[in-house]
1. With springs only between Cα atoms under 10 Å apart, run a GNM on the chain and tell me which of GLY24, GLY45, GLY138 wobbles the most.
2. At R0 = 25 Å, how high is the FRET efficiency between PHE94 and LEU27 if r is their beta carbon distance? Nearest 0.05 is fine.
3. Of the chymotrypsin sites (Phe, Trp or Tyr not before Pro) in the stretch 109-194, which ones lie in a loop per DSSP and count no more than 16 other C-beta atoms within 10 Å?
4. Consider the candidate values (1) 8, 32, 38, 19, 3, 0; (2) 8, 26, 24, 16, 10, 7, 4, 2, 1, 0; (3) 9, 32, 35, 19, 5, 0; state which one is P(r) over Cα pairs in 10 Å bins from 0, in percent computed from the structure displayed.
5. Send over a whole-number figure in Å² for the accessible area per residue of the stretch 2-188, probe 1.4 Å.
6. Give me the distance between the Cα centres of the stretch 31-67 and the stretch 79-150, rounded to whole Å.
Amino acid sequence: MESQQEFSLKAYLTYKFLNSFFVGTALGTIFTIYALIPPKVYSLGGVSLSVGAWLLTLLYVKLISIKPYKRILLFIEILPFCYILAFLLFPNTFYGALFIYGIYQISFIFGDYLVRSETFIFSQKTLFSSFDKYKQAGYLLGLIVAFIFYNILESWGIEDKQTQVYNIHFLLLLLQIGVFITLCFALKGKSSKI
């Protein structure tokens, strides 16, 4: 319970919702962005991901606590800004796609760690139920919003998939700003009740 007081749980739930909203909205973009990358890069990326995640497990004893969790979570939420800005500045380029793929791989390296830490810090089953409900609702809403967004672009005569993906990145930038702000509020620990 004491560790939960380090977080504002209402803001943390909002963060979980907006984070998944972002993921749902962004999901379709990677297929267009990654089209420029040869398949062998995915194999190399998978190897890097596995090795990186394995190396991180060697540090779990030191990292699975509140302070490292907060710092790593903030770091992970800065990465989408890098990916979005890279795409907006260098759209539809091989090196831009490779950079974005690399950023995604870095964030995936920390995936297991974040789940383990969250389980350690928030030990109540009811909280996990709330977290997952908010995550699923956000993800679903993100998918729906992306579908509507692409349909609106098509109704305006914008049918090129690369142009559509470029345009949705402005929405993704706004969403990520919201994700980051709510995470900052969540990490302040002002309230411990949902």
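1. Maximum among the listed residues: GLY45.
2. 0.70
3. TRP156
4. The value computed from this structure is option (3).
5. That works out to 54 Å² for each residue.
6. That distance is 14 Å.
The values are calculated or read from the model by the stated rules, or taken from the named source; none is laboratory data. Please read all numbers here as calculations on a predicted model, not as lab measurements. We place every Cβ from the backbone using ideal geometry, glycine too, and count neighbours over all the protein chains shown. Ligands, DNA and RNA are excluded from the accessible area calculation, which covers all protein heavy atoms including side chains. Shrake-Rupley method; radii C 1.70, N 1.55, O 1.52, S 1.80 Å.
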